[in-house]
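S.K.: Here it is: the structure, laid out below.
The values are calculated or read from the model by the stated rules, or taken from the named source; none is laboratory data. Please read all numbers here as calculations on a predicted model, not as lab measurements. Don't worry about glycine lacking a Cβ; one is built from the backbone with ideal geometry, like all the others, and counts go over all protein chains shown. Areas reflect the complete protein model, heavy atoms only, side chains present, ligands, DNA and RNA absent. Shrake-Rupley method; radii C 1.70, N 1.55, O 1.52, S 1.80 Å.
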Amino acid sequence: MENVIIKTTAEKGRGLYATELIPEGTTILEEQPLVSCQYSWNAAYGYLACENCLRPLETAERNAQRLANDPNIMLPRAECCLVEANLANHTKCVRCGVLYCSNECLSSAQNRYHAAICLDAEVHNENHPVNVLVEFWKKMHYPPETCGIMLFVKIVGLFRQAADPQVLQAQLQDFVHKSVNEDLFIFHKMLGEKFTAQIEELYKLFCSAFDVESDERLQWLTPDGFKSLIALVGTNGQGIGTSAFGDWVKNVTECNMDDKERQSVDELIDDLYTKIDDVVGSFLNNEGSALYATQSKINHSCAPNAETVFPNSNHVLALRATRDIEPGEEICISYLDECNVQRSRHTRQKILKEYYLFFCQCEKCERQINDPDETSEEEDDDDDDMEESD
């Protein structure tokens, strides 16, 4: 990170700052996660992704067929499908059958966490404690998902296989920048009040699955420690989305072709997106979440100068400048999705305060400080829909 520095200020705590001019479009940094996982419901619905890096494992054509529920779909330009070229490298764990995009990902998973949590022949046993834990979580946390129970499972694996568990403990602690009470508040907000009473059962299932009490490496995983871990992931987890069909669309759009082929391809893409929207709506991608040490320290702005992207169609995160960033300027991303960041100042402040416990004072919010303090009728309806979905 030659062009940025992490520093702490009294106003905002930790943040990322430019040390030199960063032109628009520059990839500021790339980062591997401490741990990542696919969402449980996403996997259950047949979205095939590498267990280690979330790279798509089905071809663009098969992806489109499944999403549109049409086995007769055929895509031209197979060379534009990244998965097609990598099919020969796909592999799996010989003990449990979990899929990987390459031997490198299989080896990385085995060496870091998977050997300690592999279900071996019990992978299809619905009564195995880990499978019971996953099913209980799925009933607590219906789509759209914001967190994955396998992230916590993999953290257990990391501790059990770590050469020095204290180093790993310090890495996790580095994500924490709130008090215990704030952690617990975020935990309640993330899962919703109707799920709060189930946390004790979730903790019991977690302990049963991994025999927590008898493992000295997991002594920190007390009931309060478990809640704080969920809150840590809830506030620092970065969503990931990868798509074989999306990659094909991007690549085929950039291909050189004559006008006739271009028209045919464009019409096909439009037709496929219409069909897919009718079947799965916006749930197009392999979705999951991850913990990134540097990305987690980047503060929010409603007028961000950077964005997080996944250019390699896996869990490697890239931070990209969306405009020129001056030396000494703080680098900020938006914690809100594209829809919410366009809403009124009052609504943005409400969401950020409820879910991230801070009052935004970015340049956009300061510029709109005299705007009406009430949401529009349309935004009120959207807020009601969000509360009903919790």
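S.K.: Tell me which residues, restricted to region 279-310, are open to solvent by 20 Å² or more (accessible area, probe 1.4 Å) and under 20 Å from Glu58 (Cβ atoms).
M.R.: Val279, Val280, Gly281, Ser282, Phe283, Leu284, Asn285, Glu287, Phe310
S.K.: When only residues in region 118-132 that are part of a helix (DSSP H, G or I) and aliphatic (A, V, I, L, M) count, which is most open to solvent (accessible area, probe 1.4 Å)?
M.R.: Ala121
S.K.: Ok, one more. In region 345-363, which residues are of a type in the set (Lys, Arg) and either open to solvent by less than 80 Å² (accessible area, probe 1.4 Å) or touching a helix residue (DSSP H, G or I) at 6+ places or on another chain (Cβ under 9 Å) (or both)?
M.R.: Arg345, Arg348, Lys350, listed by residue number.
S.K.: Being more than 24 Å from the chain's Cα centre (by Cα), within 27 Å of Val279 (Cβ to Cβ) and without any contact (Cβ under 8 Å) to a residue 60 or more places away in the chain, is that true of even one residue in region 87-99?
M.R.: yes
S.K.: Being open to solvent by 30 Å² or more (accessible area, probe 1.4 Å) and of a type in the set (Ser, Thr, Tyr) is the filter; apply it to region 100-117 and report the residue that is farthest from the chain's Cα centre (by Cα).
M.R.: Ser107
S.K.: If you don't mind, there's one more thing I want to ask. Collect the residues in region 140-168 that are of a type in the set (A, V, I, L, M, F, W, C), in contact (Cβ under 8 Å) with a residue 24 or more places away in the chain and either assigned to a loop (DSSP other than H, G, I, E, B) or touching a Lys or Arg at 6+ places or on another chain (Cβ under 7 Å) (or both), keeping them in residue-number order. Steps first, please.
M.R.: First pass over region 140-168, keeping only residues of a type in the set (A, V, I, L, M, F, W, C): 140, 147, 149-153, 155-156, 158-159, 162-163, 167-168.
Applying the additional criterion that residues be in contact (Cβ under 8 Å) with a residue 24 or more places away in the chain yields 140, 147, 149-153, 155-156, 158-159, 162.
Once the filter is applied, which keeps residues that are of a type in the set (A, V, I, L, M, F, W, C), in contact (Cβ under 8 Å) with a residue 24 or more places away in the chain and either assigned to a loop (DSSP other than H, G, I, E, B) or touching a Lys or Arg at 6+ places or on another chain (Cβ under 7 Å) (or both), region 140-168 yields Cys147, Leu158, Phe159, Ala162.
S.K.: Filter region 243-278 down to the residues that are outside any helix (DSSP H, G or I) and surrounded by fewer than 13 Cβ atoms within 10 Å (Cβ to Cβ) and list them by number.
M.R.: Listed by number, the residues that qualify are Glu254, Asn256, Asp258.
S.K.: Here is a further query. Need pairs with beta-carbon distance below 7 Å; first residue touching a residue at least 12 places away in the same chain (Cβ under 8 Å) and within region 321-335, second outside any strand (DSSP E or B) and of a type in the set (Asp, Glu); sequence gap 6+ or separate chains.
M.R.: Filtered contacts from region 321-335: Ala321/Glu24; Thr322/Glu24; Arg323/Glu24; Asp324/Glu24; Pro327/Glu20.
S.K.: To continue, here is another question. Determine whether region 26-39 contains at least one residue that is outside any loop (DSSP other than H, G, I, E, B), open to solvent by 10 Å² or more (accessible area, probe 1.4 Å), touching an Asp or Glu at 6+ places or on another chain (Cβ under 9 Å) and at pLDDT 95 or above.
M.R.: yes
S.K.: Name the residue that is nearest to Arg217 (Cα to Cα), counting only residues in region 133-159 that are β-branched (Val, Ile, Thr) and open to solvent by less than 50 Å² (accessible area, probe 1.4 Å).
M.R.: Val156
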